[in-house]
1. Whenever you get a sec, line up Glu144, Glu205 from highest to lowest accessible area (probe 1.4 Å, protein heavy atoms).
2. From the Cα gyration tensor of the range 159-212, with a ≥ b ≥ c the square roots of its eigenvalues, which class applies: rounded if a/c is under 1.5, or else prolate if a/b is larger than b/c, or else oblate?
3. Please report, as a whole percent, how much of the solvent-accessible surface of the range 45-92 comes from carbon and sulfur atoms (probe radius 1.4 Å).
4. Which distance in nm do the two modelled labels at Ala162 and Gln133 give, with both placed 7 Å along the Cα-to-Cβ direction?
5. Could you go through the range 142-149 in sequence order and give the Karplus-derived ³J(HN,Hα) for each residue, using 6.51 cos²θ - 1.76 cosθ + 1.60 with θ = phi - 60°, rounded to whole Hz, and x for Gly and Pro?
Amino acid sequence: MIASMFAIKPFRSTLGTTLLAIVSLLVGSGCTGGETSARTEELDSLRQERLDLIERFAIIQSPIRKTQGAALDYPGVRIAQDSFYAKLKRFAVREHPEVDELLRRAAIVGADFERMSNSAPIMIGEPVTAEQQQAVADELQDVERELRPHVQRALQDSTVHAAFAAAQDSLVEQMTRLDPSVPQTIRRMEEVAGLIREIDIRIAELESDSGP
């Protein structure tokens, strides 16, 4: 969903942020060894393809990152974003208190991912290695996966959904004012997000077939 990847400031680079294609990664049982091996291979392939698509999403988004950051600093946009995030957090934490810590982790890891995506070091004077980048990407995916059901459940609430729509509309409107090419870039981002959703559906099917 474009929500987690784009509209919420803590998740806007995920995936993700993105916010997000979150699926519980359950290892299958109750089938033959051959079936288990084939399922595992397909799951590994799909997860790698998903990571590649997330990377493509970030590349497409890259030209409008500065515009997005500038738009998020406008008072009206910031108010709409903060209102949505507050409603999302209040709803999710009320049902599951542990979501508060997940949101905190998402903000921290998302900020690290954002800095790495911009080729900036995590700490001044320390170059970012490929291993560090992969570690942060993996952690971000883990947090996203844990958050997904809570975000999806919250977005079913009319108040939260209305706040999300207002925040997204406000952000895109301001970005378009700053850069008329933004809608075209967003359409390309949505296309990639759609591919990610298709992969998530297939991953969920494979995990469901694996049994408890």
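1. The ordering from most to least exposed comes out as Glu205, Glu144.
2. oblate
3. Of the solvent-accessible surface of the range 45-92, carbon and sulfur hold 56 percent.
4. It works out to 4.4 nm between the two label points.
5. 5, 5, 4, 4, 6, 6, 3, x
The values are calculated or read from the model by the stated rules, or taken from the named source; none is laboratory data. Note that the structure is predicted; figures quoted are calculated from it, not measured. Virtual Cβ from ideal backbone geometry, glycine too; neighbours counted across all protein chains shown. SASA here: full protein model, heavy atoms, side chains in, ligands and nucleic acids out. Shrake-Rupley method; radii C 1.70, N 1.55, O 1.52, S 1.80 Å.
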